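Have a look at the structure below, then the notes.
The values are calculated or read from the model by the stated rules, or taken from the named source; none is laboratory data. Treat the numbers as computed from the prediction; the structure is a model and nothing was measured. For neighbour counting, all protein chains shown are included, and Cβ atoms are generated from backbone atoms with ideal geometry for every residue, glycine included.
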Amino acid sequence: MAPAHEWIAILDFGSQYSQLIARRVREQQVYSELVRFDIPAAALAARRPAGIILSGGPASVLEDGAPLCDPALYAQGIPVLGICYGLQMTAKLLGGRVRPGAAREYGPARITVRRPAALFRNLPEGLDVWMSHGDQVAEMPEGFAALAETATCPVAAMGHEGRRIYGLQFHPEVVHTHHGADILRRFLYDVCGCRGDWRMADFIEESVAVVRAKVGDRDVVCGLSGGVDSSVVAALVHRAIGRRLHCIFVDNGLLRAGEAEEVERTFGGAFGMDLRVVRAGPLFFERLRGVTDPEEKRKIIGRAFIDVFSAEARQLGDVPFLAQGTLYPDVIESASPTGGPSATIKSHHNVGGLPPDLHFSLIEPVRDLFKDEVRVLGRALGLPETIVNRQPFPGPGLAVRIIGEVTPDRVALLQQADRRVQEELSRYEGYAGLWQSFAVLLPVRTVGVMGDGRTYDQVVVLRIVESQDGMTADWSRIPYDILGRISSRIINEVPGVNRVVYDISSKPPATIEWE
Ligand code: XMP
């Protein structure tokens, strides 16, 4: 995608915020890509970025072996913005001096802008920003001026306006930095001269053209899961080639209540796609009989999916292409700042294992996009909000939310309970801030009393978490009255359940799913 668009190269020195910088740049309608920190200057210049951002990172430029960019980058006439570690490295490589700070600054700080230069033009003189650093610039390289300071850090920002090289000691990409987006915008538009040509409407047109050119008059198969990524891919490829796209939806019997019907309604109905729904629940239940080990369940479900999908795909005859929803974070090739390069390439489970006689070429139309961009794209393609805003749902489905053996009855019970969780929470004003919310069925019975009788019934757990990326999570502080309503609805309306508990564990050390 990049060559057709103006773009910003983000050299990744291992900051936890590197991807966030890339997203923030794209939010300003400028395409951006993460590249390895050690990319040779000539190779980067050949790709003609409009500007270069040097990310933060965990290392110190004062250490031996600290990761450094090719110093020739500064001599290409391409504007550069160093953030945190990127600022310190710039100071060091251009002849300045960095020293360990007297005080470590971590968290909120207030800067005073002394020279607005291009970055701070028309912004307030005092700005609340987010800092996270130990070292600081003691002497700036020749020709640089300090643009802003804090009480403990005399060079909170520096710049050389003639060479268009800037550095910030704070993080403009995090929301805690006031006017952070404005500072980035000034770099992109006023320093780099970007025009802002990264827009979803154009992306659709370009992607449609690319898919058509690649596919010609042949056919494409797509495994539709009902999740955001595969749904958006299906809608996009369908726009390009219509009914030469064949979507296969495997109903494994482990989905949430109403999910298969919604997929049929949306894709088979509203979009008029060639949607093949394979009702394979019985096969999955058969293979899961007697199995209680979580990893064994996952393996069985993974294999069964491949068997069912492959059998259906073979019936389509000779289809050379497989469309799938690989996202940008899955394909970013980064270099670890300590030690050698490490490629973080995840494989999508439904492709790696396909049998050898099904050798597809891949169509991955959203592999340059972040998840939030995929959602914007989904809306632009006319997908309903229920799909665009769908919470992540694990491939093994409810099987990993039923502790112990998975049987049709237990799935039916959990679907009933889970539906009530969703119904009640969808009315909650904080719903959009939840990462996942669901019910889990435990393999224990507890005593209760209903009417005049004693019950000995099952326990449902509510798991409702907030998270940015699923790697860490915290349980959500849901108002008690909502928890109360969910609990009484489940106990009153779902036969066989007499107790509901709320999981108040964070991740780590717990995980989000119970298995
Ligand atoms: P955990 O339970 O590891 O979950 O904290 C993190 C995120 O991953 C999802 N998850 C899965 N997704 N197949 C999937 O496709 C799986 O086997 C699987 N296990 C967990 C989970 O829902 C959460 O979003």
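The lone criterion from (1) within 14 Å of Phe249 (Cα to Cα); (2) free of Cβ contacts under 8 Å to residues at least 60 places away in the same chain; (3) more than 28 Å from the chain's Cα centre (by Cα) left unmet by Arg287 is number (1).
For residues in segment 474-508 being closer than 20 Å to Gln458 by Cα and either modelled with pLDDT under 95 or within 16 Å of the ligand (Cβ to nearest atom) (or both), which is surrounded by the most Cβ atoms within 10 Å (Cβ to Cβ)?
Residues of segment 474-508 closer than 20 Å to Gln458 by Cα: 483-504.
Filter once more, keeping what is either modelled with pLDDT under 95 or within 16 Å of the ligand (Cβ to nearest atom) (or both): 503-504.
Numbers: Asp503: 15, Ile504: 11.
Residue satisfying both the conditions and the ranking: Asp503.
Against the condition in contact with a helix residue (DSSP H, G or I) (Cβ under 9 Å, 6 or more places away or on another chain), more than 20 Å from Ile300 (Cβ to Cβ) and among the polar types (S, T, N, Q), how does Gln422 come out, does it pass? Answer is no for this residue. Only a single criterion out of (1) over 30 Å from Leu369 (Cα atoms); (2) part of a loop (DSSP other than H, G, I, E, B); (3) acidic (Asp, Glu) is not satisfied by Asp38, namely (1).
Of Thr455, Thr511, all but one fail to be polar (S, T, N, Q), under 29 Å from Thr292 (Cα atoms) and either in contact with a Pro (Cβ under 9 Å, 6 or more places away or on another chain) or more than 16 Å from the ligand (Cβ to nearest atom) (or both); the exception is Thr455.
Please pick out the residue among Ala45, Ala41, Ala72, Ala50 that is of a type in the set (Gly, Ala, Ser), surrounded by fewer than 23 Cβ atoms within 10 Å (Cβ to Cβ) and over 17 Å from Ile8 (Cα atoms).
Among Ala45, Ala41, Ala72, Ala50, only Ala72 is of a type in the set (Gly, Ala, Ser), surrounded by fewer than 23 Cβ atoms within 10 Å (Cβ to Cβ) and over 17 Å from Ile8 (Cα atoms).
When the residues of segment 290-312 are filtered to those that are hydrophobic (A, V, I, L, M, F, W, C) and within 16 Å of the ligand (Cβ to nearest atom), which remaining residue is farthest from the chain's Cα centre (by Cα)? Of everything passing the filter in segment 290-312, Val291 is farthest from the chain's Cα centre (by Cα).
Number of residues in segment 140-163 that are within 32 Å of the chain's Cα centre (by Cα) and over 22 Å from Gly57 (Cβ atoms) equals 0.
Specify the residue that is surrounded by the most Cβ atoms within 10 Å (Cβ to Cβ); the eligible residues are those in segment 16-32 that are in contact with a Phe, Trp or Tyr (Cβ under 7 Å, 6 or more places away or on another chain) and of a type in the set (Ser, Thr, Tyr).
Among those residues, the one meeting the criterion is Ser32.
Selection of segment 383-396 for residues being within 15 Å of the ligand (Cβ to nearest atom) and more than 17 Å from Val465 (Cβ to Cβ) yields Gly395, Pro396. Among residues of segment 397-410 being more than 16 Å from Val461 (Cβ to Cβ) and in a helix (DSSP H, G or I), the one that is farthest from the ligand (Cβ to nearest atom) is Asp409.
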